[in-house]
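See structure below.
The values are calculated or read from the model by the stated rules, or taken from the named source; none is laboratory data. These numbers come from a predicted model, not from an experiment. Glycine gets a Cβ as well: all are built from the backbone with ideal geometry, and neighbour counts include every protein chain shown. Heads up: the accessible areas ignore ligands, DNA and RNA and are worked out on the full protein's heavy atoms, side chains in. Shrake-Rupley method; radii C 1.70, N 1.55, O 1.52, S 1.80 Å.
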Amino acid sequence: MTEIAKALTVAGTDPSGGAGIQADLKTFQEIGAYGMSVITSVVSQNTLGVKSFVDLELDFVESQFDAVFEDIPPDAVKSGMLSNPEVMALAAKKMKEANVANYVLDPVMIASSGHALISETARETIARELLPLATVVTPNLPEAEALTNRTIKTVDDMKEAGRILVEEYGTSAALIKGGHYEGEADDYLYDGQTFEKFSAERFDTKHTHGSGCTYAAVITAGLANGKSLYEAVKDGKTYITAAISNPLNIGKGQGPTNHWGHRWSDVQPLIRV
Ligand SMILES: Nc1ncnc2c1ncn2[C@@H]1O[C@H](COP(=O)(O)OP(=O)(O)O)[C@@H](O)[C@H]1O
Ligand SMILES: Cc1ncc(COP(=O)(O)OP(=O)(O)O)c(N)n1
């Protein structure tokens, strides 16, 4: 019998396939983890933007958590779009009950098209309920600014945001992503002791839809497979850089990233046999 790592995504959908649940499941599959999903919101969106979304009833979200946890406990969990404080509190409760050991918190707030994906009050709930549970939180710059209530203009500001998230908000580690910065695409990981820089060339492309989801999903699949956080982030940066560098000709707007930008499965066979 083949054994495989199991990864769960808790997020909203993208019918056009580039972000959210769809991006996460494709990524889990590509990395070598059995993918599962709890859907929080059904979103009408494509590469041109978000049209609208419907939050699923809390009881129904809870029932999905129970269906997964009672049958196939995941080795790692990722959360993406949790659009309101109630669903955040529910996710926190369910993860605590299930003793989830590896939790990647992608604090999705605004799609790159500029559409808000969470309510204003939800930001405080992320800090109170979810940050203390996270193995790593992966904000982009606007999300890091919103969570820390600070303006981020320099690399030192990025590092300070990481430090605040770990030392003041209680997350185990913070990966501040530099996609919205200038110059190289540099991200900074702080684990409470050291800062690690993950650097890549910045490509002149609009095809980055779902890049944050995909990056966090690689990290989740890596942790599910027993990798260290540093190794999982390193793999994530390699994967997302390849996926952005070699765009697919799909969509009329900001297209999705290319999961076949590099033959990942040939390089990193992670399935445990
Ligand atoms: N044009 C680009 N070229 C190379 N890497 C990029 C580019 N845009 C974003 N990235 C990288 O993609 C990842 C996602 O970053 P970011 O855009 O900040 O997050 P989000 O998608 O959550 O807004 C990060 O590793 C970032 O450095
Ligand atoms: C359902 C859903 N979740 C998250 C996002 C945002 O995706 P992200 O990977 O942060 O990147 P952009 O697509 O905003 O560049 C989303 N659009 N939909």
* To do: Evaluate the following for Ser79: is it surrounded by fewer than 23 Cβ atoms within 10 Å (Cβ to Cβ) and either under 19 Å from the mean Cα position of the chain (by Cα) or of a type in the set (Phe, Trp, Tyr) (or both)?
  => no
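Okay, residues lined up against (1) within 14 Å of ligand 2 (Cβ to nearest atom); (2) modelled with pLDDT of 95 or more; (3) within 24 Å of Met95 (Cα to Cα):
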residue: Pro132; (1), (2), (3): no, yes, yes
residue: Arg163; (1), (2), (3): no, yes, no
residue: Leu175; (1), (2), (3): yes, yes, yes
residue: Glu184; (1), (2), (3): no, no, no
* Asked: Within the range 144-208, which strands (runs of 3 or more DSSP E) (wholly inside it) include 2 or more residues that are crowded, with 21+ Cβ neighbours inside 10 Å?
  -> 174-176, 187-190
* Structure fact -> Within the range 87-130, residues open to solvent by 60 Å² or more (accessible area, probe 1.4 Å), at pLDDT 95 or above and either within 13 Å of the chain's Cα centre (by Cα) or charged (D, E, K, R) (or both) come out as Lys93, Lys96, Glu97
* Residue ID - most open to solvent (accessible area, probe 1.4 Å), chosen from residues in the range 209-224 that are within 7 Å of ligand 2 (Cβ to nearest atom) and of a type in the set (Ser, Thr, Tyr) -> Ser211
* Between a first residue in the range 246-273 that is open to solvent by 90 Å² or more (accessible area, probe 1.4 Å) and a second residue that is modelled with pLDDT under 90 and not in a helix (DSSP H, G or I), which pairs have beta carbons less than 6 Å apart while being 6 or more apart in sequence or on different chains? -> Val273/Thr2
* **Conditions (1) within 15 Å of ligand 1 (Cβ to nearest atom); (2) touching a helix residue (DSSP H, G or I) at 6+ places or on another chain (Cβ under 7 Å); number of the one not met by Ile118** => (2)
* Structure fact -> Quick count over the range 29-60, residues being under 18 Å from Asp106 (Cβ atoms), more than 9 Å from ligand 2 (Cβ to nearest atom), in contact with a strand residue (DSSP E or B) (Cβ under 8 Å, 6 or more places away or on another chain) and open to solvent by less than 50 Å² (accessible area, probe 1.4 Å), is 6
* Does Lys26 fit the bill of being basic (Lys, Arg) and open to solvent by 30 Å² or more (accessible area, probe 1.4 Å)? -> yes
* Go through (1) more than 16 Å from ligand 2 (Cβ to nearest atom); (2) closer than 30 Å to Asn46 by Cβ; (3) at pLDDT below 95 and name the single condition Thr205 misses. => (1)
* **Residues of the range 1-23 classified as among the β-branched types (Val, Ile, Thr) and either crowded, with 21+ Cβ neighbours inside 10 Å or within 11 Å of ligand 2 (Cβ to nearest atom) (or both), total** => 4
* To do: Within the range 220-273, count every residue that is modelled with pLDDT of 95 or more, assigned to a loop (DSSP other than H, G, I, E, B) and of a type in the set (Ser, Thr, Tyr).
  => 1
